[in-house]
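The values are calculated or read from the model by the stated rules, or taken from the named source; none is laboratory data. Fair warning: this is a prediction, and the values are worked out from it, not measured in the lab. No Cβ is skipped: glycine too gets one built from the backbone with ideal geometry, and neighbour counts run over all protein chains shown. To get the accessible areas, we keep the full protein, side chains included, count just its heavy atoms, and leave off ligands, DNA and RNA. Shrake-Rupley method; radii C 1.70, N 1.55, O 1.52, S 1.80 Å.
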Amino acid sequence: MLSKVRSSVLISTMMVSVGVSAQDYLPILQYHHVSKTTPASTSLTPAQFTEQMDYLKTAGFQVVDLKDALEKLKNHQSLPDKAVAITFDDSYRDIYLGGFPILKERGFPFTVFLNTKPIGRNHHFLTWEDIKEMEKSGGVFANHTISHPYMLRKAEDETYDQWLARMSHEVDTVETVLNKQLGHSPKLFAYPYGESDGTIRAMMKEKGIMAFGQQSGVVSADSDFEDLPRFPASGRFAKLSTLKVKLASKPMPLINEESGGDFATDNPVSIRLTFKAGKYRLKDLACYVSGQGKASLNWIKKNEVVVTAPSAFGVGRGRINCTMPDDSAKHYYWYSNVWIRPGADQGYVVEKVGKS
């Protein structure tokens, strides 16, 4: 397994200013259901969604088009001050019934990542008529595969090449469907269950598609545009107090991260973080491991730390989240990394390409 290493781009050009004040990063909110009757872990009620959207409006946040904002960041251009983007995953009809009226009333653009197989199948899922109506009022529709598979799992008796061809088909078919039904595609993608590896990310890059995982954090020009972060804002994250912290977050000022790959083993995971030159409150860095509590911090150099989990992850996905207050103490730098601990019978592929 190759090490997963990301070195940030050193920006030597001046940022292009938008208006008097601007920001060079973007928090992106992730939703699934807007409903009282859907699974609580991935839902918020219309009342909760209204509360969140009203806060964005009254607090002066600028809800921006996701694709346009990502292109600007990628090209080292600034966004409006307090820019934020709104996204949904999956093709659930309650996005149209519960979420869309609230967004339309406030004039907020939004992006929905569609898995196309269930569209129009029954009353629980969106129809193309719903989608086309939403598109007229700021909705953008992007790729979430045909069938929402675990993208890193091979089928029984499937070769590595057959698996990769199947995953490419899952992506390409939805691009074709979007172009056929809507006349265009934003070439944005959300990995089902947030799972990808170096091979899948390289495939996305080759196809010219920007893609999202399920790690939390803020997008900047330094981000891996084939593995972008978002903040979940449903379920246990639906409280307005939680949302306010995330909206005030900044990208962790890193020049390098090294995690040893996308897959965890029977040893505790660790990640080496190297910070950019500058005055930061490094002594206030805190890292937490999902289901385990605080991670240990071993400072190798003044600006370099190894973060280690207390114990090995169980089967499934695990993560480390790190935060650090900025000098004003009004914002937190935020970083997250996800690992997959494969089960013996789950058919996960062997990673062949490290994270770029």
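Roughly speaking, what is the stretch gain from N298 to K132, that is 0.36 nm per residue apart minus the C-alpha to C-alpha distance, in nm to one decimal?
So the extension gain works out to 54.5 nm.
Using only alpha carbon pairs under 8 Å that are at least six residues apart, calculate the relative contact order of the chain and give it in whole percent.
Relative CO of the chain lands at 20 percent.
How much of S290 can a 1.4 Å solvent probe reach, expressed as accessible area in Å² and rounded to 10?
Here the residue's solvent-accessible area equals roughly 50 Å².
Separation between the F237 and A329 pseudo-spin-labels, each 7 Å from Cα along Cα→Cβ, expressed in nm?
2.7
If you add up the charges near D284, with Lys and Arg at +1 and Asp and Glu at -1, over every other residue whose beta carbon is less than 11 angstrom from its beta carbon, what do you get?
0
Just read off the accessible area of D54 with the full protein assembly in place, 1.4 Å probe, to the nearest 10 Å².
The value for D54 is about 60 Å².
Looking only at H331, H76, H123, which one moves most when the chain is put into a Gaussian network model with springs between Cα atoms under 10 Å?
Checking each option, the largest mean-square fluctuation is seen for H123.
Under a 1.4 angstrom probe, counting protein chains only, how are R272, R236 ranked by accessible area, largest first?
From most exposed to least exposed: R236, R272.
Find the centroid of the Cα atoms in region 248-287 and in region 58-105, then give the distance between the two in whole Å.
27
Give the accessible surface of the chain per residue, rounded to a whole number of Å², with probe radius 1.4 Å and ligands, DNA and RNA excluded. Walk me through the intermediate numbers first.
Working: 15780 Å² over 356 residues.
Each residue of the chain exposes 44 Å² on average to a 1.4 Å probe.
I'm a student and want to see the number: the projected area of the Cα convex hull of the chain, averaged over all directions, in nm².
17.9
Is region 133-288 best put as rounded, prolate or oblate by its Cα gyration tensor, with a ≥ b ≥ c the root eigenvalues, rounded for a/c under 1.5, and otherwise prolate when a/b is larger than b/c, oblate when not?
Oblate.
Return the carbon/sulfur percentage of the accessible area of the chain, one whole number, probe 1.4 Å, all protein chains in place.
It is 51 percent, rounded to a whole number.
Would you list, by chain and number, the aspartates and glutamates whose Cα falls below 13 Å from the Cα of K187, excluding same-chain residues fewer than 8 positions away?
Qualifying aspartates and glutamates at Cα under 13 Å: D68, E71, D172, E175, E206, E226.
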